[in-house]
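For reference, the structure is listed below as structure tokens.
Laboratory data are not the source of any read-out in this text; all were calculated from the coordinates shown. The structure presented is a predicted model; accordingly, all values stated were derived computationally and were not measured.
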Amino acid sequence: MNYAVLLRGINVGGINIKMAALREALISAGFRDVRTVLATGNVLLESGLTGPETKARIEKTLADRFGYEAWVIVLTPPALRSVVQRYPFDPERDGWHPYVIFGSDARHLAELLDAADALDPAVERVEKGEGVVYWEVVKGRTTDSPFGKSTTKTRYKPTITTRNLRTLGKMLS
């Protein structure tokens, strides 16, 4: 089975992993055709395991090899393609960033969506997707916008990860 794997929080916040070392660790763990996309924890690989088994093995491998509590999201390429195709905003909107927030806990995604009505649409907008939250924000406001700040709460650390829609497109190409 082919999988797209999104690692949360590497190469930001003090957890630095070279992509060559990441590939080597995953190959050593028994995964095949391991490819990284950019240096932000995006991996494509083949696995003989189910999605949940793949997730568990990758998290254990990263913890053992790199010494940190790892959290990953594992998707099939068709599921990732569906997420990208359903992006509800104009992904080419000038002056804006298109993002997708992936989550493994539906309650956390629902909490994030609760903030949608209070957002200033001149700065950012969010919309519910299937297992994701779609977000667009003015360039330069990603980390200081109200919604951007809300995604960094400690309780969300093990369950969500954010990717730019363009990065996801590169994973699919």
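Using a Gaussian network model of the chain whose springs link C-alpha atoms within less than 10 Å, name the residue from 134, 68, 99 with the highest mean-square fluctuation. It is 68. For a straight C-alpha distance cut-off of 15 angstrom, the aspartates and glutamates reachable from residue 153 (same-chain residues fewer than eight places away being disregarded) are 105, 111, 114, 144. Within the listed set 59, 111, 124, the residue fluctuating most in the Gaussian network model of the chain (springs between alpha-carbon atoms under 10 angstrom) is 111. Among (i) 13.0; (ii) 12.3; (iii) 9.5, which is the computed mean projected area of the Cα convex hull in nm²? Matching the structure shown: (iii).
The sum of -39500 (n - 2.57) across all DSSP H runs of n ≥ 4, divided by the residue count of the chain, sets its helix-only mean residue ellipticity at 222 nm to -9500 deg cm²/dmol.
Normalised by the number of residues in the chain, what is the relative contact order in percent for Cα pairs under 8 Å and 6+ residues apart?
Relative contact order here is 24 percent.
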